[in-house]
Amino acid sequence: MITPLLEVEGLSVTFKTPHRLVRAVRDISFAVGKEKVGIVGESGSGKSVTGRAILKLTPGNGTVSARRMQFEEIDLANASETEMLNVRGKRIGMILQDPKFSLDPVMRAGDQIAEALPPGLTKAEARERVLEVLEAVQIRNPKRVYDLYPHECSGGMGQRVMIAMMLVPEPKLLIADEPTSALDVTVRMQVLAILDDLVERRGLGLMFISHDLNLVATFCDRVLIMYAGRIVEECKASELRQATHPYTQGLLASLPRIGDRRKRLATLVRDPAWAL
Amino acid sequence: MIEVEDLTVRFGKGKAAVTAVDGVSFTVRTGEAFGLVGESGCGKTTILRALAGLNEDWSGLVRIDGKQLMPKRERAFYKLVQIVFQDPYGSLHPRFTVNGTLMEPIKIHDLDRPDERIDRVLRQVGLGPAFRFRYPHQLSGGQRQRVAIARALILEPKLMLLDEPTSALDVSVQAEILNLLTDIRDSTGLTFLLVSHDLSVVSHMCDRLAVMNQGRIYEELTVEDLVQRRYRETYTRQLFEASLGYDKRLSTAQVKALDEAGA
């Protein structure tokens, strides 16, 4: 295996609600190296909570515990809030689902990206850096895009602005939570090609959280399948079709496919034992 | 069942006017399942809303079941045509029980034997009478979509308009709802007009489909044509390829092509 950037052992996330304790993530262990790791699961499986727990962005009613959570030389499990400030955004970037909600609506795209730059640059230097990074995410006319407000950007453009912003501090690991779900299929492929290229050229690690099995199977190197807060299966993405866990098999069988002549789709019969 | 000729829908006035649907024509035969596929903003839902009578501001010629439609609809129209919406969290009244939701169409159309009808339709959508007095918040997304389908079925329509009926659901639940729709079509001979961005869902459910982009129908083809890749339009090919998953070579080529076009 590739030298891991991030190693997680025994991660659990529990939320306290007025009625009961919700154990959203239960004792999961995994590692991410300079590769594309997909985390797939249905809604409520704990995949997004896992992504946020790594950056300690769990809301106040949640508690994160882990036997070990090591990111390069930093012990995330025991890191203080001050230490986390040097991790979030700087060492580990996060890309969210919908650029419409995650960009500041009243600030020009370029200025938002410039906020991520280290202090002490002149205005001209900062602008130059922003234009460079916009080019890195394949924006063809960076000077024009610099001056756009988020509402003037298309979905694909907005998502690229967000990726650009995340790249400025040169993080080692990117956590992308459904980064292409809000995008149209044709634009989606372009954004994926850009991510793919960045992982390869900059040697980044990418945690790709998604509900789309087909996409993960074709885009990632490795896949973790989550169900009810646990990782039920881990395999090479190219071997997802030969997955052995009945949940993974059930999910794959329930997908409609072009050219498949089944009249009815297989439905998933959930075994309570999977959630134990 | 449906004949649409030169349907045009515009929003806004003067300079700000947007032509959402631009002279679209298609025909759906009785008992057929027809799909409208395209990406967000292509006008597919706008067509559906115009047909359903939810938007009165359109021009063109639309005949449903042989009768020419006026922008304003009579009550009898809604007994013939029903619609199921995308988001089962938004399309059910939160303060109505399942019973309340299903009683509404019965009252409006003054139907007899309401209890019998509700029980039957709940069984038909696989929920059963136990669900009759539950509120939407007590139901899962899939169960809510079943209620929305029951609400459409209770009037025993001839045409069902389906607006992305499974895109808000997990794949395993999507399979259940698609199977339910297949069963309903088998047992009732309903005509379906299904709108979706997902080519694989449309190819699974429909006999024929139209590919839309920017308010126009680019091409119409049978599902068999699609499976055999007998499409003429580049756009259809792109949708087809994207539905197969990520392909590094193709996607990189697409980015490059856009670069050169300077778009």
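The values are calculated or read from the model by the stated rules, or taken from the named source; none is laboratory data. If you're wondering where the values come from, they're calculated on a predicted model, not measured in any experiment. Note that we place each Cβ from the backbone using ideal geometry, even for glycine, and neighbour counts take in every protein chain shown.
Scanning the range B:45-103 for residues that are aliphatic (A, V, I, L, M), more than 29 Å from B:Ser140 (Cα to Cα) and free of Cβ contacts under 8 Å to residues at least 24 places away in the same chain yields B:Leu69, B:Met70, B:Ala76.
With the structure loaded, tell me whether B:Gln124 is buried (at least 17 other Cβ atoms within 10 Å of the Cβ), more than 18 Å from the chain's Cα centre (by Cα), more than 30 Å from B:Ala17 (Cβ to Cβ) and polar (S, T, N, Q) or whether it fails that test. Considered against the rule, which asks whether it is buried (at least 17 other Cβ atoms within 10 Å of the Cβ), more than 18 Å from the chain's Cα centre (by Cα), more than 30 Å from B:Ala17 (Cβ to Cβ) and polar (S, T, N, Q), B:Gln124 comes out as yes.
So, in the range A:232-276, exactly how many residues are aliphatic (A, V, I, L, M) and in a loop (DSSP other than H, G, I, E, B)?
Going through the range A:232-276 one residue at a time, the tally reaches 8.
Scan the range B:182-195 and give yes if some residue there is assigned by TED's automatic domain parsing to the domain that holds B:Ala210, in contact with a Pro (Cβ under 8 Å, 6 or more places away or on another chain) and surrounded by fewer than 21 Cβ atoms within 10 Å (Cβ to Cβ), otherwise no. So far as the range B:182-195 goes, no, none of its residues is assigned by TED's automatic domain parsing to the domain that holds B:Ala210, in contact with a Pro (Cβ under 8 Å, 6 or more places away or on another chain) and surrounded by fewer than 21 Cβ atoms within 10 Å (Cβ to Cβ). All of (1) within 14 Å of another protein chain (Cβ to nearest Cβ); (2) on the phi < 0 side of the Ramachandran plot; (3) without any contact (Cβ under 8 Å) to a residue 12 or more places away in the chain hold for A:Gly259 with one exception: (2). For the range B:1-59, enumerate the residues that are closer than 22 Å to B:Tyr235 by Cα and either assigned to a loop (DSSP other than H, G, I, E, B) or touching a helix residue (DSSP H, G or I) at 6+ places or on another chain (Cβ under 6 Å) (or both). Listed by number, the residues that qualify are B:Ala20, B:Val21, B:Gly35, B:Leu36, B:Val37, B:Gly38, B:Glu39, B:Ser40, B:Gly41, B:Cys42, B:Gly43. Within the range A:213-227, does at least one residue satisfy the condition of being surrounded by 13 or more Cβ atoms within 10 Å (Cβ to Cβ), away from chain B (no Cβ under 14 Å) and either in a loop (DSSP other than H, G, I, E, B) or on the phi < 0 side of the Ramachandran plot (or both)? Yes: the range A:213-227 contains one or more residues that are surrounded by 13 or more Cβ atoms within 10 Å (Cβ to Cβ), away from chain B (no Cβ under 14 Å) and either in a loop (DSSP other than H, G, I, E, B) or on the phi < 0 side of the Ramachandran plot (or both). Residues in the range B:63-98 that are in a strand (DSSP E or B) and either in contact with a helix residue (DSSP H, G or I) (Cβ under 9 Å, 6 or more places away or on another chain) or over 20 Å from B:Val24 (Cα atoms) (or both): B:Ile64, B:Lys67, B:Val81, B:Gln82, B:Ile83, B:Val84. Filtering the range A:98-151 to residues that are assigned to a loop (DSSP other than H, G, I, E, B) and within 14 Å of chain B (Cβ to nearest Cβ) leaves A:Asp98, A:Val137, A:Gln138, A:Ile139, A:Arg140, A:Asn141. Would you point out which residue out of B:Tyr235, B:Tyr246 is within 7 Å of another protein chain (Cβ to nearest Cβ) and at pLDDT 75 or above? Selected residue: B:Tyr246, the only one of B:Tyr235, B:Tyr246 that is within 7 Å of another protein chain (Cβ to nearest Cβ) and at pLDDT 75 or above. Of the strands (runs of 3 or more DSSP E) lying entirely inside the range A:1-82, those carrying at least 3 residues that are crowded, with 17+ Cβ neighbours inside 10 Å are A:6-16, A:21-32, A:36-40, A:68-71.
Scan the range A:165-193 for residues that are farther than 20 Å from A:Ile209 by Cβ and either in contact with a Phe, Trp or Tyr (Cβ under 9 Å, 6 or more places away or on another chain) or outside any loop (DSSP other than H, G, I, E, B) (or both) and the total you get is 1. In the set A:Asp184, A:Asp177, A:Asp197, only one residue is touching a helix residue (DSSP H, G or I) at 6+ places or on another chain (Cβ under 6 Å), acidic (Asp, Glu) and surrounded by fewer than 21 Cβ atoms within 10 Å (Cβ to Cβ); that residue is A:Asp177. Do we find a residue being away from chain B (no Cβ under 12 Å), closer than 22 Å to B:Ser40 by Cα, β-branched (Val, Ile, Thr) and assigned to a helix (DSSP H, G or I) anywhere in the range A:155-162? Looking through the range A:155-162, at least one residue is away from chain B (no Cβ under 12 Å), closer than 22 Å to B:Ser40 by Cα, β-branched (Val, Ile, Thr) and assigned to a helix (DSSP H, G or I). Taken over the range B:182-219, the criterion of being small (Gly, Ala, Ser), assigned to a helix (DSSP H, G or I) and either more than 11 Å from every other protein chain (Cβ to nearest Cβ) or touching a strand residue (DSSP E or B) at 6+ places or on another chain (Cβ under 9 Å) (or both) is satisfied by B:Ser187, B:Ser203. Flag not set for A:Pro171, criterion: buried (at least 23 other Cβ atoms within 10 Å of the Cβ) and more than 8 Å from chain B (Cβ to nearest Cβ). Looking across B:Glu176, B:Glu224, one residue alone is charged (D, E, K, R), facing another protein chain (nearest Cβ under 7 Å) and either part of a helix (DSSP H, G or I) or touching a Ser or Thr at 6+ places or on another chain (Cβ under 7 Å) (or both). It is B:Glu176. The listed residues are B:Ser40, B:Ser25, and the only one of them that is surrounded by fewer than 17 Cβ atoms within 10 Å (Cβ to Cβ) and either in contact with a Cys (Cβ under 8 Å, 6 or more places away or on another chain) or within 14 Å of chain A (Cβ to nearest Cβ) (or both) turns out to be B:Ser40.
For the structure I just gave you, tell me whether A:Asp75 is under 25 Å from A:Val232 (Cα atoms), among the charged types (D, E, K, R) and touching a strand residue (DSSP E or B) at 6+ places or on another chain (Cβ under 9 Å). In short, no. Restricting attention to the range B:150-165, the residues that are closer than 17 Å to B:Glu116 by Cα and of a type in the set (A, V, I, L, M, F, W, C) total 5. What about A:Val269, is it within 13 Å of another protein chain (Cβ to nearest Cβ), among the hydrophobic types (A, V, I, L, M, F, W, C), surrounded by fewer than 18 Cβ atoms within 10 Å (Cβ to Cβ) and over 25 Å from A:Phe30 (Cα atoms)? It is true that A:Val269 is within 13 Å of another protein chain (Cβ to nearest Cβ), among the hydrophobic types (A, V, I, L, M, F, W, C), surrounded by fewer than 18 Cβ atoms within 10 Å (Cβ to Cβ) and over 25 Å from A:Phe30 (Cα atoms).
Step by step: first the residues of the range B:148-167, then only those that are in a loop (DSSP other than H, G, I, E, B) and of a type outside the set (Gly, Ala, Ser), then the one that is surrounded by the most Cβ atoms within 10 Å (Cβ to Cβ). Which residue is that? Here the residue is B:Pro165. Is at least one residue of the range A:238-250 over 20 Å from the mean Cα position of the chain (by Cα), within 11 Å of chain B (Cβ to nearest Cβ) and modelled with pLDDT of 90 or more? Yes, the range A:238-250 contains a residue that is over 20 Å from the mean Cα position of the chain (by Cα), within 11 Å of chain B (Cβ to nearest Cβ) and modelled with pLDDT of 90 or more. Among the residues of the range A:228-247 satisfying the criterion of being within 16 Å of A:Arg23 (Cα to Cα) and aliphatic (A, V, I, L, M), which is surrounded by the most Cβ atoms within 10 Å (Cβ to Cβ)? Top of the filtered list is A:Ile231.
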